[in-house]
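One structure is given here, and the rest of the page talks about it.
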Amino acid sequence: MASADLMKRLARTVLFNGLEERDLRRLAEIARRVELAEGEVLFQQGDESDGLYVVTSGIVRIFITADDGREATVSLSEEGDVIGEMALLDGLPRSAGAAALNRASLVVIPRGPFVDLLDASGRLGRQIILTLCERLRAANTKVDEAMFHDLRYRLLALLKQLAVIHGQVEHDMSVVDLDLTQGTLAQMLGASREAVNKQLRALVKEGRIEMEAHRIQINRHLT
C-alpha cells in the first residue's frame, strides 16, 4: 500500500483525524498491512499487545471468551474502525479477541513507535481520549439495554444498528448481507440462540423483517 494512500486511510479514522501531515507520514512509515481470511483470528483475549489495528476493508468480529470456552461477540468493526487501543496504551493483555467475519484487510501500527509518537503529539493524545470516551459511552448503552430492556427491544435495536452501518437499500428494504448466524446474533445480545430464533420468527410473522440464508431484509420503518 502506497504511503500516500495509507495516510489518507489513517486520516479518515476517528483516532487519527486532524493529525498534522508529518505525524500521519510517521504513522504510515511504521505501519504494515495484514490480510485475514474469513474466520481467521487476529488475536486472542489475553494475548500481549503488539500494536494498534485499523480496519481498511471487511468486517472484524470482536469477542470475549469465558473460562469454559464459550464466546460472546461484543461488536463488529468495519472500515475506518480502530482495534486494540486499550491494550496498546496500558500494556496489559488483550481484553477481547478479534477475528475476521469475512475477508478483511487491516493496517497494524507497532506499539513502541506509536507510544513514542503519542508522547510527542498532543493532538494524538486528545484523539485517544475522545476515542476512549466513545468506547465508554457505547459500553454504557449496552449495559443500559441489558439491564432495562427485554430481548425483543435489544434485537430490534441491534437490527437497526446493522441496517444503518452495514445495510443496503433494495426495494424499500434495508438489506443486511453479512455472514451472521443466529448464534452470532445471540452472542451479541447475551441471549440463547433459541430465544433469538423465536424473536426473529415473530418479526418475520409480523412482516417487519424477511430472512434468507445470511441476508436479513428489514422494513425501512424499523430504521
Quick check on Glu48: is it surrounded by fewer than 21 Cβ atoms within 10 Å (Cβ to Cβ) and without any contact (Cβ under 8 Å) to a residue 40 or more places away in the chain? no
I want to confirm something. Restricting to segment 35-62 and keeping residues that are of a type in the set (Gly, Ala, Ser) and in a loop (DSSP other than H, G, I, E, B), which single residue is nearest to the chain's Cα centre (by Cα)? Gly58
Take segment 87-112 and flag every residue that is open to solvent by less than 50 Å² (accessible area, probe 1.4 Å), modelled with pLDDT of 85 or more and in a helix (DSSP H, G or I). Gly112
Does any residue of segment 63-73 turn out to be aliphatic (A, V, I, L, M), within 16 Å of the chain's Cα centre (by Cα) and either open to solvent by 20 Å² or more (accessible area, probe 1.4 Å) or modelled with pLDDT of 90 or more (or both)? yes
Among (1) within 22 Å of the chain's Cα centre (by Cα); (2) within 21 Å of Val60 (Cβ to Cβ); (3) without any contact (Cβ under 8 Å) to a residue 40 or more places away in the chain - the single one Met7 does not satisfy: (2)
Can you tell which of Val34, Val55, Val108, Val14 is touching a helix residue (DSSP H, G or I) at 6+ places or on another chain (Cβ under 8 Å) and hydrophobic (A, V, I, L, M, F, W, C)? Val14
Given the conditions (1) surrounded by 13 or more Cβ atoms within 10 Å (Cβ to Cβ); (2) among the acidic types (Asp, Glu); (3) at pLDDT below 90, which single one is not true for Glu29? (1)
Residues of segment 53-62 classified as surrounded by fewer than 18 Cβ atoms within 10 Å (Cβ to Cβ) and among the hydrophobic types (A, V, I, L, M, F, W, C), total: 0
Just to check your reading of the model, which residue among Gly18, Gly80 is outside any strand (DSSP E or B), open to solvent by less than 50 Å² (accessible area, probe 1.4 Å) and out of contact with any Ser or Thr (no Cβ under 7 Å at 6 or more places or on another chain)? Gly18
When restricted to Ser105, Ser77, Ser95, the only residue free of Cβ contacts under 8 Å to residues at least 24 places away in the same chain and either in contact with a Gly (Cβ under 7 Å, 6 or more places away or on another chain) or hydroxyl-bearing (Ser, Thr, Tyr) (or both) is Ser77
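The values are calculated or read from the model by the stated rules, or taken from the named source; none is laboratory data. Just so we're clear, the structure is a prediction, and the values are computed from it rather than from any experiment. Please note: Cβ atoms are built from the backbone with ideal geometry, for glycine as well, and neighbour counts cover all protein chains shown. Keep in mind that these areas ignore ligands, DNA and RNA; they rest on the heavy atoms of the full protein, side chains included. Shrake-Rupley method; radii C 1.70, N 1.55, O 1.52, S 1.80 Å.
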